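Participant: Dropping a structure here in structure tokens format, bear with me for questions.
Derivation of every value follows stated rules applied to the coordinates shown; laboratory data play no part. Just so it is clear, the structure is predicted and the values come from calculations on it, not from any experiment. Ideal geometry is used to build each Cβ from the backbone, glycine not excepted, and the neighbour counts take in all protein chains shown.
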Amino acid sequence: MPREYSMARRVLVTGGAGFVGSHLIDRLIEQGDEVLCVDNLFTGAKANIAHLLGHPRFEFLRHDICHPLFVEVDAIFNLACPASPIHYQHDPVQTTKVSVIGSINMLGLAKRIKAPILQASTSEVYGDPTQHPQTEAYWGNVNPIGLRSCYDEGKRCAETLFFDYNRQHGIDIKVARIFNTYGPRMHPADGRVVSNFVMQALRGEDITIYGDGSQTRSFCYVDDLVEALLRLMDSRDGFTGPVNLGNPVEFTIRELAELVIELTGARSKLIQLPLPSDDPTQRKPDIALARKELDWEPGIALREGLGKTIAYFRSLGNP
Ligand code: NAD
Ligand code: UDP
């Protein structure tokens, strides 16, 4: 059937070959959408979307969103940005560029084609929070010149751009503040805590706790997050967010390490390494707004989600 007669919604997912993006695309394809996945494969991998290549409603374009993109779509999910501290600190200038210049390009696209656009923002906009749990009204406590600033301030500037395009140009925006998310297709070497601990346990290596392990995070399983992103894109007209998306059950990093050891049956020891600079001491989302506006809350507990994640890393072989 020629393109103009297809009834499917055409959805652009930037960063679609990454961890979250590839799961989002699976759901979009499942629900009958046509998907254009745009990714420069900096931290993503073709393996994450290999099962979709050849699907009649899926297309992949290797492209860096720091350059303008001219395509015709009905909705945009903007996820392109390295997310793990070691990756976003590898080329910090590029990290700021993807959030700022990349967002300007995607917002310009949304403006031209009059499409709604969702931004994958982050709990990092709260920095090392002095308010706990964090509500969307909290303005954050961010170091503007530290090692994490390229990511934190880049994402904060992206939020500013989204809201200014909304006020100035009437663009339909949706801003998601995503808290730590984990699951299958995380890169085994991306340095984030869940992938590190699981890979170390599967290899029988020591588990590297940075600092004394008393810092907290709240871990959301990727399927729960994807459901929230879909609901946010389809949320009522005029609902822009920002809205916290994450699992409000909080764990210390030491508790996470102990759970990984229990679930893998590993004999690994816990060892302490220095805490990276500006590492937030606590993080837990207040998700009242997501409950109210999206009728959403996460349903997958850490124990269950970790089980699926461990099975995935095992399936890769040669840990
Ligand atoms: P990821 O690194 O697996 O995915 C990011 C994707 O963006 C990769 O496929 C990468 O190749 C691509 N990319 C990077 N720069 C690009 C560019 N200039 N042009 C095109 N593509 C580019 O990370 P993820 O965990 O899937 O994160 C996805 C999004 O969600 C990111 O924007 C991230 O900031 C946000 N987020 C994730 C988490 C989390 O815990 N996973 C938490 C908060 C926010
Ligand atoms: N962390 C750790 N050991 C590791 C990797 C991370 O103790 O091998 C800690 C890290 O210092 C932080 C928390 O785990 O306090 C979460 O780190 P991650 O990089 O996953 O994400 P962040 O929430 O810091 O962006």
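Participant: Find which of Pro116, His90, Val38 sits farthest along the positive direction of the dipole of segment 1-118, computed with +1 on the beta-carbon of Lys and Arg, -1 on that of Asp and Glu, about the Cα centre.
Facilitator: The residue sitting farthest along the positive end of the dipole is Pro116.
Participant: If you line up the long axis of helix 253-264 against the longest principal axis of the chain, both from Cα atoms, how many degrees apart are they, to the nearest 10?
Facilitator: The angle comes out near 90 degrees.
Participant: Excluding residues fewer than 8 places away in the same chain, name every one of the lysines whose C-alpha is closer than 29 Å to that of Lys111.
Facilitator: Leaving aside lysines fewer than 8 places away in the same chain, those within reach of Lys111 are Lys97, Lys155, Lys174, Lys292.
Participant: Oh, and also: Select from segment 231-289 those trypsin sites (Lys or Arg not before Pro) which occupy a DSSP coil region and have at most 12 other Cβ atoms within 10 Å, ordered by residue number.
Facilitator: Arg236, Arg267, Lys269
Participant: Report the one residue of Leu28, Pro56, Leu69 whose Cα lies farthest in the direction of the positive end of the charge dipole of the chain (charges on C-beta: Lys and Arg +1, Asp and Glu -1; origin at the Cα centre).
Facilitator: Pro56
Participant: Continuing with the same structure: To the nearest 20 debye, what is the magnitude of the charge dipole of segment 28-138 about its Cα centre, counting +1 on the Cβ of each Lys and Arg and -1 on the Cβ of each Asp and Glu?
Facilitator: Using only the charged Cβ atoms, the result is roughly 280 debye.
Participant: Sticking with this one: Placing unit charges on C-beta atoms (Lys and Arg positive, Asp and Glu negative, everything else neutral), compute the dipole magnitude of segment 129-277 about its Cα centre in debye, rounded to 20.
Facilitator: Here the size comes out at about 220 debye.
Participant: Enumerate by residue number the GluC sites (Glu not before Pro) in segment 68-162 meeting two conditions: DSSP loop (anything except H, G, I, E, B), and at most 12 other Cβ atoms within 10 Å of the site's Cβ.
Facilitator: Sparse-neighbourhood loop GluC sites (Glu not before Pro): Glu72.
Participant: Now for a different question. Give the long-range amide H neighbours of Arg9: residues separated by 5 or more places, or on another chain, with amide H under 5 Å away, using H modelled in the peptide plane at 1.01 Å from N.
Facilitator: When sequence neighbours closer than 5 places are left aside, the close amide H contacts are Glu34.
Participant: Across segment 198-210, in residue order, what do the Karplus-derived ³J(HN,Hα) couplings come to in whole Hz, using 6.51 cos²θ - 1.76 cosθ + 1.60 with θ = phi - 60° and x for Gly and Pro?
Facilitator: Computed from phi, the couplings for segment 198-210 are 5, 5, 4, 5, 5, 8, x, 8, 5, 8, 8, 8, 7 Hz.
Participant: Next question. Quick one: in the chain, what % of C-alpha pairs are over 32 Å apart?
Facilitator: 24
Participant: Which shape class applies to segment 73-213: rounded if a/c is under 1.5, otherwise prolate when a/b exceeds b/c and oblate if not, where a ≥ b ≥ c are the square roots of the Cα gyration tensor eigenvalues?
Facilitator: prolate
Participant: Hey, another quick one. Can you list residues from other chains, or at least 5 along the same chain, whose modelled amide H is less than 5 Å from the amide H of Thr181?
Facilitator: Cys220
Participant: Another question about this same structure. Largest first and to the nearest Å, give the Cα extent of segment 201-319 along each principal axis.
Facilitator: Its Cα atoms span 51, 34, 19 Å along the three principal axes.
Participant: Using unit Cβ charges (K, R positive; D, E negative) and no other charged atoms, how large, in debye to the nearest 20, is the dipole of the chain about its Cα centre?
Facilitator: Once rounded to the nearest 20, the dipole reads 360 debye.
Participant: Between Pro82, Pro144, Pro274, which gets the highest mean-square fluctuation from a Gaussian network model of the chain, Cα cutoff 10 Å?
Facilitator: It is Pro274.
Participant: Within segment 110-172, report the trypsin sites (Lys or Arg not before Pro) that DSSP leaves as loop and that have at most 16 other Cβ atoms within 10 Å.
Facilitator: Lys114
Participant: What is the distance in Å between the Cα centres of segment 278-315 and segment 25-98?
Facilitator: Between the Cα centres of segment 278-315 and segment 25-98 lies a distance of 22 Å.
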